[in-house]
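**Student:** Okay, handing you the structure first.
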Amino acid sequence: MKKWYFIAILTLVAAVVLSGCGAKNSNNAGSEAGNSSEDVTYMFATDAAYAPMEYMDKDNITGFDIEFLDLVMQEAGLKHEVKHTGWDGMLEGVKQANEFQAGISSISITDERKQTYDYSMPYFESINVIMVKEGSDIKSALDLKGKKVAVQSGTTADILMTGIMGEGNTDLKKFDNNAVALLELDQGGADAVVADIAIVRDYIKKNPDKKYVEVSDTTNFTPEYYGILYPKGSDLKAKLDPAIKAVIENGKYAELYKKWFGEEPNTANLLNAK
């Protein structure tokens, strides 16, 4: 009995030692690679129909948001994947927090959405603008009353124009994504599109033959900020906010911004925004 008991004790001690060594080696491997020791791959949902912010390039999701997220996750030492779900699918998927831990898709930070979701710190400053044909008599958002206006449903453009044109106004045409809203203008079904400035400028730049122009209205459209979207109570915000701040402060954000938009960002506004 004593011999068996002694052997059992030795076996137990050896198992504990080997187990401890295995955990230590696993952590060291993560540190040597410059990555977090976490084995979690965080899943992000997006609506990849919003060039140049996020869009499909053949089978790949690309755009400013996607490359920005790459920088942030590298800074945080976390693994991630991004999946194209569409706008409504993204909002619902993040809210349910089953498949997706976060969403990134030019998502404006609003008080209404804060009731359902948590946000990262702001990472992009934007404003809605109007896109019309050259020679249009539309000079402000108020001129859109009585006109046919195309927007993406569920966006701040939709909210703003509903406020201006009235709930249930059939002249306000709401589509699943901006690509269809822009097509509606191309085909003559709308007099104007209202969307974020980056989307409008990108479309005008890529389609010079269509003779579109941007109309700004800083009285009725005020600046807004994009954030990464999380389910309520997510611990991912605490992991990513320091990484976002670092990417903005170390110059990588400005470098990426100039690559996509050809100008310097106002990073002070981002760091001071609430």
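The values are calculated or read from the model by the stated rules, or taken from the named source; none is laboratory data. Note that this is a predicted model, so its numbers are computed, not measured. Reconstructed Cβ throughout: ideal geometry from the backbone, glycine too, with neighbour counts over all protein chains shown.
**Student:** If a residue must be small (Gly, Ala, Ser) and free of Cβ contacts under 8 Å to residues at least 40 places away in the same chain, how many such residues does region 232-262 contain? Working first, answer last.
**Tutor:** In the first step, residues of region 232-262 are kept if they are small (Gly, Ala, Ser); the result is 233-234, 238, 243, 246, 251, 254, 262.
Keeping just the survivors that are free of Cβ contacts under 8 Å to residues at least 40 places away in the same chain gives 238, 251, 254, 262.
Adding up the residues that qualify gives 4.
**Student:** Those residues that are part of a loop (DSSP other than H, G, I, E, B) and closer than 20 Å to residue 198 by Cβ, I need them from region 97-115; list them, please.
**Tutor:** First, pick out the residues of region 97-115 that are part of a loop (DSSP other than H, G, I, E, B): 97-101, 104-107, 109-110, 115.
Of everything in region 97-115, those that are part of a loop (DSSP other than H, G, I, E, B) and closer than 20 Å to residue 198 by Cβ turn out to be 104, 105, 106, 107, 109, 110.
**Student:** So, one more: In this structure, is residue 259 farther than 23 Å from residue 87 by Cα, more than 17 Å from the chain's Cα centre (by Cα) and among the basic types (Lys, Arg)? Quick ask: steps written out before the conclusion?
**Tutor:** Values: farther than 23 Å from residue 87 by Cα: yes; more than 17 Å from the chain's Cα centre (by Cα): yes; among the basic types (Lys, Arg): yes.
It is true that residue 259 is farther than 23 Å from residue 87 by Cα, more than 17 Å from the chain's Cα centre (by Cα) and among the basic types (Lys, Arg).
**Student:** Also, I was wondering about something else. In region 159-177, is there at least one residue being assigned to a strand (DSSP E or B), modelled with pLDDT of 95 or more and closer than 19 Å to residue 48 by Cβ? Quick ask: steps written out before the conclusion?
**Tutor:** Just the residues of region 159-177 that are assigned to a strand (DSSP E or B), to begin with: 172-175.
This time we only want the ones that are modelled with pLDDT of 95 or more, so: 172-175.
This time we only want the ones that are closer than 19 Å to residue 48 by Cβ, so: 175.
Yes: one or more hits.
**Student:** Tell me, which residue of region 245-268 that is buried (at least 16 other Cβ atoms within 10 Å of the Cβ) and aromatic (Phe, Trp, Tyr) is farthest from residue 201 (Cα to Cα)?
**Tutor:** 253
**Student:** While we're here: Report yes if residue 196 is at pLDDT 95 or above, within 19 Å of residue 54 (Cβ to Cβ) and acidic (Asp, Glu), otherwise no. Walk me through how you get there before you give the answer.
**Tutor:** Values: at pLDDT 95 or above: yes; within 19 Å of residue 54 (Cβ to Cβ): yes; acidic (Asp, Glu): yes.
Considered against the rule, which asks whether it is at pLDDT 95 or above, within 19 Å of residue 54 (Cβ to Cβ) and acidic (Asp, Glu), residue 196 comes out as yes.
**Student:** Another one. Mind listing whichever residues of region 127-152 are touching a strand residue (DSSP E or B) at 6+ places or on another chain (Cβ under 8 Å) and either free of Cβ contacts under 8 Å to residues at least 24 places away in the same chain or buried (at least 19 other Cβ atoms within 10 Å of the Cβ) (or both)?
**Tutor:** Our first condition is that a residue be touching a strand residue (DSSP E or B) at 6+ places or on another chain (Cβ under 8 Å); within region 127-152, this holds for 127-134, 136, 138-141, 144, 147-152.
Residues satisfying the conditions are 128, 129, 130, 131, 132, 138, 141, 144, 149, 150, 151, 152.
**Student:** Also, I was wondering about something else. Quick one: in region 62-86, of everything that is under 21 Å from residue 245 (Cβ atoms) and in a loop (DSSP other than H, G, I, E, B), which residue is farthest from the chain's Cα centre (by Cα)? Give the derivation first.
**Tutor:** So in region 62-86, the residues under 21 Å from residue 245 (Cβ atoms) come out as 64-80.
When the remaining residues are screened for being in a loop (DSSP other than H, G, I, E, B), the result is 77-78.
Numbers: 77: 19, 78: 17 Å.
Going through the qualifying residues, I end up with 77.
**Student:** Of the numbered conditions (1) surrounded by fewer than 16 Cβ atoms within 10 Å (Cβ to Cβ); (2) in the same structural domain as residue 66 (by TED's automatic domain parsing); (3) of a type in the set (Lys, Arg), residue 205 satisfies every one except a single condition; which is it?
**Tutor:** (2) is the only condition that residue 205 fails.
**Student:** Mind counting the residues in region 178-191 that are surrounded by fewer than 18 Cβ atoms within 10 Å (Cβ to Cβ) and either within 24 Å of the chain's Cα centre (by Cα) or assigned to a strand (DSSP E or B) (or both)?
**Tutor:** Summing the residues that are surrounded by fewer than 18 Cβ atoms within 10 Å (Cβ to Cβ) and either within 24 Å of the chain's Cα centre (by Cα) or assigned to a strand (DSSP E or B) (or both) in region 178-191 gives 3.
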